[in-house]
Amino acid sequence: MASREGPAKEPEAESVETGFECAKPLPAALLYRRCALSDLPFEVVSELADAPGLIGQERAVEAIAFAVAMRRKGYNLYALGPAGTGKRTVVEELVRRQAANEPTPPDWCYVNNFAEPQKPAALSLPPGRGAGLKEGMKGLIDELRQALPAAFERDDYRARREVIDQRFKERNEEAFNDLQKRAESQGITLLRTPMGLALAPRRDGKVLTPEMFEALPESERSRIQRDLETVQNELEALMRKVPEWEREHREAVRALNRETTGAAIALMMDELRGGYRDLPEVARYLESVERDIKENADDFLGPPAPPGMPSGMPVPPQLEQALDEERFRRYQVNVIVDNGGLKGAPVVYEDNPTHQTLVGRVEHMARFGALVTDFNLLAAGALHRANGGTLLLDAQRLLTGYYGWASLKRALSAGEIRIESLEQLLSLASTISLAPASIPLDVKIVLLGPPTLYYLLCAYDEDFKELFKIAADFDDRVARTPETTALYARFIASVVRRENLRPLDRGAVARTIEQAARSAEDSGRLSTRLRELVDLLQEADLLATQAGKPIVGAAEVQKAIDARFRRSDRVYRRLQEEIGRGTIRIETDGEEIGQVNGLSVMTLGGQSFGNPSRITARVRLGRGEVVDIEREVALGGPLHSKGVLILSGFLGGRFGRSRPLSLNASLVFEQSYGGVEGDSASAAELFALLSALAEAPIKQSFAVTGSVDQLGCIQAIGGVNDKIEGFFDACRITGFSGRQGVIIPATNVRHLMLREDVVAAAAEGRFAVYPIASVDEGLQLLTGIPAGEALPDGSYPEGTLNARIAARLDHFAAKAAELARAATSPLVRP
């Protein structure tokens, strides 16, 4: 920009409306509001202290502080605001500050449910003690793998085991010997064969063969047959008792094993239980562990044979290790949340909020050709990690994440976290899977998202307002005052230190603050999209590095701004080039009836630029209709169509009180091949229409932007800087005549923050910006003919534009009446 030297204070934008006539061009001083160097009392920004916080976000900060302090159900927070305003930064800072003073939540573990292995149990332990339990169980199992085999190898165990085995053996032998004696007394022998026990008749110490048995008398054979049946019945009764005796034997052995195991593990279990006597749930779990170890002591005595592998075959070491681990997995402790190293409450940000990343997942592993799972494969989600603290989520990612929003609402409503797969959630799987015990949920949720999404959720999601009762609304701009200017300078100092950038001098800080006003599209406001500011500082730092400068100056900041636009201006330059070649017809000099230069804004890839368009109007006799050609071919949006309908209301209100509007008019954006939306061209369309009615040529050296109401007042529009610069560049290509300029609403003057070359051209008289407040001011400026004010009788002074328009409409009305009479009168034949 031009030199900043001198203490002269620039005039306020509001003085245009009262101190200047709207038909006069604005002075260059009102086209760009500079940052007063007196508001920056330093040489380099590194002299300043860091900013105390975000600039101009007091309302949002109060809401966040209230939400963080309120721990009641449903008082979760939605931080809404444009991207880049520092929502996450300030929320995370305030939340962490509060979390540091809150108690650390407990650890959570999943352990085996020995009664129902498909339903793992959840244990809550004080912070840091979950890992201790895990290590304690690991140490216990490692010790038992050595201690139990030794206990079962001792002589006292072997002796007692032999006694049990001998007692069982003796009882079997005694029973069979008694049976055999009774059978022999009846001439029957009890034989042991490969197929089992068998009975056969006997005589003279020899077993009768079938032939010998058939040779006996009939009475003898009958007696022997009866004796065989009697002994057979006794044998069957004895055989029925054998399984019962075997069960008794096994039970005796198990009782011995339990007793031996209990004696071997008693001391170790007492030591482990001693550390958790204050936790009843853990104590009960350890009791169940002890019972299971006693019942399954054989698992500690040696590895089982692999399934499908013949006994005696050597087992590969890797397979043996896998089998060894498999035997003792049920005694492991799965610590899914370990808060041992945490001071205060947790603060977690989840950047991919889906069902599984929020509520956890059930993982699987390959084992002997199949996928299997157990409680050790339960993985925690973000809700587990943030339980007892705060969880930050991006609202847009949450709603687009796979069932993330539904799972979050379900968890918040139920007040618990339940790990389940999507197949279980949607009832799509019928296979048996894990059903872990749910964990109580106490968490503060903070959603970060745009305002539009917040309003949509409020309108269409019945649960949203019950679950998110507090909104922190971040503003996208702040009033530009000496105080906020000083805060901006301190924020720049904070960024320089945090990002390790070169310091900025006072001129560079001033240019950065001016760019913040341009981003806010208001000379009296500063943008709070601080991410853009940080990006600009980093880019200026690189340019200073490349130039070998130790301090960033205003020139580097300006170069960074220009380079940023250049990287995205290919389409804009192509349009300007085609205007210069005449392919796109834009007149920047001369006069035309019913034609005016309108201005629009195009946004591509986040970069906005102004684009002039030629608007034409044609009028003819008709029924009072104003046809919007863009709308007729479905290229006009609803706001643009509304603007055109307002033109009909203006014409009817000003000229239709004493006459019918017997005209048809058509309006179109020439060489427009895309959609047209917005009402910022309604003033230009009205000027083109009135020019066609008055048959008064419009100066093509002007471009017009602004909306209009039915009363003829010109209203503010957006993108005024881009629009002015777009027409300025078109004039530069076609050649300056000294007569070109842009007509804008007077209420947009305070928004002007134009480029340096535009301000310089205005100061030299090569280009001008004219503010207007009414349609009549614009008509007079565009045509050079007085618009004329209505006389008491409703007519207009002769020679004025309004008088010419009224006369043209009177002509249309008379002609329409004449045609109507001719159409209704009887035909007269000569």
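Given the rule -39500 (n - 2.57) for each run of at least 4 DSSP H residues, summed and divided by the residues of the chain, what is its mean residue ellipticity at 222 nm, to the nearest 500 deg cm²/dmol?
Mean residue ellipticity, 222 nm, calculated: -15000 deg cm²/dmol.
Are there trypsin sites (Lys or Arg not before Pro) in segment 241-304 that DSSP marks as loop and that have at most 10 other Cβ atoms within 10 Å, and which are they?
Those satisfying the criteria are ARG277.
Accessible area of the chain with a 1.4 Å probe: how many percent of it is carbon plus sulfur?
Result for the chain: 51 percent of the exposed heavy-atom area is carbon or sulfur.
Starting from the Cα of GLU764, step 7 Å along the direction of its Cβ; do the same at ARG574; then give the gap between the two resulting points in nm.
3.1
Calculate the FRET efficiency for GLU423 and ARG367 from the Cβ-Cβ distance with a Förster distance of 22 Å, rounded to the nearest 0.05.
Efficiency, from the Cβ-Cβ distance: 0.65.
Can you sort MET602, MET239, MET269, MET365 by solvent-accessible area, 1.4 Å probe, largest first?
MET239, MET602, MET365, MET269
Using only the Cα atoms, work out Rg/Rh for the chain, with Rh taken as the Kirkwood radius, to two decimals.
With Rg and the Kirkwood Rh in hand, the quotient comes to 1.29.
So, for the chain, what is the accessible surface per residue at a probe of 1.4 Å, expressed in square angstrom?
I get 50 Å² per residue for this part.
Let me cross-check TYR454: its accessible surface, 1.4 Å probe, with only protein heavy atoms counted, in Å² to the nearest 10?
20
Relative contact order of the chain: what whole-number percent is it, with Cα pairs under 8 angstrom and at least 6 residues apart?
17 percent.
Exposed loop GluC sites (Glu not before Pro) only (DSSP loop, at most 14 other Cβ atoms within 10 Å): please give the longest stretch of the chain free of them, not including the sites. Walk me through the intermediate numbers first.
Working: sites that count: GLU5, GLU12, GLU14, GLU21, GLU43, GLU153, GLU363, GLU462, GLU499, GLU670, GLU695, GLU789, GLU798.
Formally, the longest exposed-site-free interval is 154-362.
Work out the FRET efficiency for GLN607 and GLU466 from their Cβ-Cβ distance, taking R0 = 41 Å, and round it to the nearest 0.05. Please report the intermediate quantities before stating the final value.
Details: r = 41 Å, r/R0 = 1.00.
The pair GLN607/GLU466 has a calculated efficiency of 0.50.
Give the aspartates and glutamates whose C-alpha is closer than 17 Å to that of LYS699, dropping any in the same chain fewer than 8 places away, or say none.
The qualifying aspartates and glutamates are GLU587, ASP589, GLU591, GLU592, GLU685, ASP776, GLU777.
What is the extension gain from GLN146 to ALA83, computed as 0.36 nm multiplied by their sequence separation minus the C-alpha to C-alpha distance, in nm to one decimal? Let's see the in-between values first.
Working: separation 63, 0.36 × 63 = 22.68 nm, distance 6.17 nm.
Result for the pair: 16.5 nm of gain on full extension.
The values are calculated or read from the model by the stated rules, or taken from the named source; none is laboratory data. Fair warning: this is a prediction, and the values are worked out from it, not measured in the lab. For neighbour counting, all protein chains shown are included, and Cβ atoms are generated from backbone atoms with ideal geometry for every residue, glycine included. Note: areas computed on protein heavy atoms with side chains; ligands, DNA, RNA excluded. Shrake-Rupley method; radii C 1.70, N 1.55, O 1.52, S 1.80 Å.
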